[in-house]
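Some notes on the structure that comes next.
The values are calculated or read from the model by the stated rules, or taken from the named source; none is laboratory data. What you see is a predicted model, and the numbers here were worked out from it, not measured in a lab. Cβ placement follows ideal geometry from the backbone for every residue including glycine, while neighbour counts extend to all protein chains displayed. To get the accessible areas, we keep the full protein, side chains included, count just its heavy atoms, and leave off ligands, DNA and RNA. Shrake-Rupley method; radii C 1.70, N 1.55, O 1.52, S 1.80 Å.
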Amino acid sequence: MKKINENLTDQELFVLKDKGTERPFTGKFDSFFENGSYHCKNCSAKLFESDTKFDAGCGWPSFFQAIDGAIKYEDDHSIAGRPRVEIICANCDAHLGHVFEDGPKETTGLRYCVNSVSLDFEAEKNN
Ligand SMILES: [Zn+2]
């Protein structure tokens, strides 16, 4: 991870830097569906728009699409026999979560499964 934001909490560092995972159904954005955009908690880069967020029922905020170029993908073999694709912030290399191919078929078919603590929300401006 590149330059670390000094305001991060221990739990945010556990996820963003040490690639931890928050417990499901505990994150503040799991069942949160306001209009706006989601940004990297570490560097504030814009990662997702609220109109690509959906309720996957998995306990973590889920998106079917990311902002173009905002995400980097890495093979993750940390669980034996269960290869996954890790998603990290393209700007600062912070860990965000994983992407799976079980998203809504009528969209991209992808499910970006993201930790709430990796994200900051910015409400849409109405004027
Ligand atoms: Zn970042």
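Summary table below
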| quantity | calculated |
| --- | --- |
| Count of residues meeting criterion [surrounded by fewer than 16 Cβ atoms within 10 Å (Cβ to Cβ) and within 16 Å of the ligand (Cβ to nearest atom)] in the range 10-19 | 2 |
| Single residue of ASP55, ASP18, ASP75, ASP68 found to be in contact with an Asp or Glu (Cβ under 8 Å, 6 or more places away or on another chain) and either on the phi > 0 side of the Ramachandran plot or of a type outside the set (A, V, I, L, M, F, W, C) (or both) | ASP75 |
| The listed residue being open to solvent by 50 Å² or more (accessible area, probe 1.4 Å) and aromatic (Phe, Trp, Tyr), out of PHE54, PHE33, PHE63 | PHE33 |
